[in-house]
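The values are calculated or read from the model by the stated rules, or taken from the named source; none is laboratory data. No experiment lies behind these values; they were computed from the predicted model shown. All Cβ positions, glycine included, derive from the backbone under ideal geometry; neighbour counts span all protein chains shown.
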Amino acid sequence: MRTGEAPHPHPGSRSGWAVGERERGGSSFHASRRKRHGNVFKTHLLGRPVVRVTGAEHLRRLLLEEHNLVGVSWPQSVQMILGSSSLANAIGDIHQHKRKVYAQLFSHSALESYVPRIRQVVMETVREWCAREGPISVYAESRKLTFRIAVSVLLGSSPGEEKMIDLLTTFEQLTKNMFSLPLDIPGSGYRKGIQARDRLHEYFGKVIEDMLQSDAEYSTALGILIQSSKDHGMGMSMQELKEAMVELMFAACATTASACTSLVLQLLKNPEVLTKLRTDLQIKGFQSGSATPLRLSDFCHLRYLDNVIKEVLRLQPPVSGGYRVALQTFELGGWQIPKGWSVMYSIQDTHNTAPIFQQPDIFDPDRFANDLTKGKEARFHYLPFGGGVRRCLGKELAKLILKVFAIELATGSHWQLATRTLPKMLMVPVAHPSDGLKVQFSAQFSNNTPAAEVHLE
Ligand code: HEM
């Protein structure tokens, strides 16, 4: 078989690849292709062939053989905007070493130090949503929320409202143009992405300089990163630190905002789950706006909340899959994948077809009551945070933010769908409702008021 031509079925196996399909959105399209062609099939993305892979058995092989069978394959625009020292662009030993440095950002003590900041931003935000006259777009507002949390956790202090809005606008410009044709000409998406990156670097540069000059304790994520890089014998340069800030924000904000939005959506659609969650939180003494500081240990006994969040991430995983490139020609599920071909491992399809999940379309947090996803075999059936050497570094931080958000919402607000129908979900770049999810929030509710209402035609 020659490398680079249409992939061939493994000798003696199936009769051919499904070829010639155009790139299309929506998981139902891929679901019908999967039914016809099985768990490994060829499709197209931006005019290029991609092998789409589903199912725990295949994902385990791909993800555990990263750097050997497959490697990262980000588009050129992502590589250029994130920069040469980013994790996304690192491979092999350098990647492993960088992950060790970054891991300190998500240690138990680091997460503990972030809790008050996360809670403060979440409380202010939900209060502001409830005070609004009209409905809000939950997805757009959740992106602002996660950006504010990221700034607070990374840098400690708030830059002031005017600067915050300026930074948010710049960051949205960077995210919007992250995946663009690498044409550096005036007005192109790529040029806008680079310009936004440069403005963020300029701001972070000043903050980093101030931090390096002051003797203040390193109590922010940025401080922890500086210290950790020294402890691991690779003191990071100014450029590396700036790139790290942008990369962490990019990895954290849209993904967590997607999950916050899906949480609101699922609690709207499933009021009995919300009632159960509220009752559980009330029994355990959680109150909206309470002045009692929260600690990580306070979240340990919130089993039902854990299961609600797991179920949101199962049914609507923010990241629907990950892209790789074949580093050698190899066989998967009876097919040969030629060296150089793109491979996409699908998180969403894998969740939808995992034998451990009965009735996968139903939102049922209780399915996680029996630790379904524990154990070696089950691990790759459920992977909202990916797997293998590139699994999500911020997983525990993301879950912490979601828990604080869910507690504040469930104990302190009432919300109602402001449209006649529920929106469709789009999966690119992260899972999000097509209309942003228009919802009216209010602070008033009694124990007799359902905390969320949906009136559909
Ligand atoms: C619900 C929220 C989140 C979801 C669903 C999510 C999901 C993922 C997934 C699926 C990957 C692996 C991608 C691949 O295999 O190509 C990943 C990687 C990553 N995530 Fe997250 N993520 C979330 C939040 C966060 C947060 C809050 C942070 C950090 C502040 C973060 C930092 C990262 C980093 C740095 C990587 C790259 C790791 C590497 O290349 O070694 N993520 N994430």
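In the list 390, 379, which residue meets the criterion of being surrounded by fewer than 21 Cβ atoms within 10 Å (Cβ to Cβ), within 16 Å of the ligand (Cβ to nearest atom) and closer than 13 Å to residue 55 by Cα?
379
Filter segment 226-263 down to residues that are at pLDDT below 95 and either closer than 30 Å to residue 440 by Cα or part of a loop (DSSP other than H, G, I, E, B) (or both) and give me whichever is farthest from the chain's Cα centre (by Cα).
233
Please determine whether any residue of segment 233-244 is buried (at least 19 other Cβ atoms within 10 Å of the Cβ) and basic (Lys, Arg).
Yes: one or more hits.
Do we find that residue 214 is hydroxyl-bearing (Ser, Thr, Tyr), more than 15 Å from the ligand (Cβ to nearest atom) and over 18 Å from residue 107 (Cα atoms) in this structure?
Yes, satisfied.
Condition check ((1) farther than 18 Å from residue 412 by Cα; (2) touching a Lys or Arg at 6+ places or on another chain (Cβ under 9 Å)) across all residues:
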position: 255; (1), (2): yes, no
position: 268; (1), (2): no, no
position: 274; (1), (2): no, no
position: 299; (1), (2): no, yes
position: 326; (1), (2): yes, yes
position: 329; (1), (2): yes, yes
position: 336; (1), (2): yes, no
position: 359; (1), (2): yes, yes
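Mind listing whichever residues of segment 264-304 are hydroxyl-bearing (Ser, Thr, Tyr), touching a helix residue (DSSP H, G or I) at 6+ places or on another chain (Cβ under 7 Å) and part of a helix (DSSP H, G or I)?
Result: 304, single match.
Under 8 Å between Cβ atoms, which residue pairs at least 6 apart in sequence (or on different chains) link something in segment 223-248 that is free of Cβ contacts under 8 Å to residues at least 40 places away in the same chain with a partner that is aromatic (Phe, Trp, Tyr)?
So the pair list comes out as 226/218; 241/204.
Please tell me if residue 137 is closer than 30 Å to residue 288 by Cα, surrounded by fewer than 17 Cβ atoms within 10 Å (Cβ to Cβ), among the hydroxyl-bearing types (Ser, Thr, Tyr) and within 14 Å of the ligand (Cβ to nearest atom).
no
Out of all the residues in segment 82-108, which are among the charged types (D, E, K, R), surrounded by fewer than 16 Cβ atoms within 10 Å (Cβ to Cβ) and either more than 18 Å from the chain's Cα centre (by Cα) or more than 10 Å from the ligand (Cβ to nearest atom) (or both)?
93, 100
In segment 240-253, which residues are closer than 16 Å to residue 148 by Cβ and more than 9 Å from the ligand (Cβ to nearest atom)?
245
Name the pairs: first residue in segment 195-207 and among the basic types (Lys, Arg), second residue surrounded by fewer than 20 Cβ atoms within 10 Å (Cβ to Cβ) and assigned to a helix (DSSP H, G or I), Cβ to Cβ under 7 Å, at least 6 apart or on different chains?
199/170
Any chance segment 308-323 includes a residue that's hydrophobic (A, V, I, L, M, F, W, C), surrounded by 19 or more Cβ atoms within 10 Å (Cβ to Cβ), within 21 Å of the chain's Cα centre (by Cα) and more than 10 Å from the ligand (Cβ to nearest atom)?
Scanning segment 308-323, I find at least one residue that is hydrophobic (A, V, I, L, M, F, W, C), surrounded by 19 or more Cβ atoms within 10 Å (Cβ to Cβ), within 21 Å of the chain's Cα centre (by Cα) and more than 10 Å from the ligand (Cβ to nearest atom), so the answer is yes.
Hey, among 305, 327, 277, which residue is surrounded by 21 or more Cβ atoms within 10 Å (Cβ to Cβ) and within 16 Å of the ligand (Cβ to nearest atom)?
Selected residue: 305, the only one of 305, 327, 277 that is surrounded by 21 or more Cβ atoms within 10 Å (Cβ to Cβ) and within 16 Å of the ligand (Cβ to nearest atom).
In this structure, is residue 414 modelled with pLDDT of 95 or more and either closer than 30 Å to residue 126 by Cα or not hydrophobic (A, V, I, L, M, F, W, C) (or both)?
No: the conditions fail for residue 414.
Conditions: (1) of a type outside the set (Val, Ile, Thr); (2) loosely packed, with under 15 Cβ neighbours inside 10 Å; (3) in contact (Cβ under 8 Å) with a residue 60 or more places away in the chain. Residue 213 meets all but one. Number of the miss?
Going through the list (1) of a type outside the set (Val, Ile, Thr); (2) loosely packed, with under 15 Cβ neighbours inside 10 Å; (3) in contact (Cβ under 8 Å) with a residue 60 or more places away in the chain, residue 213 breaks only (3).
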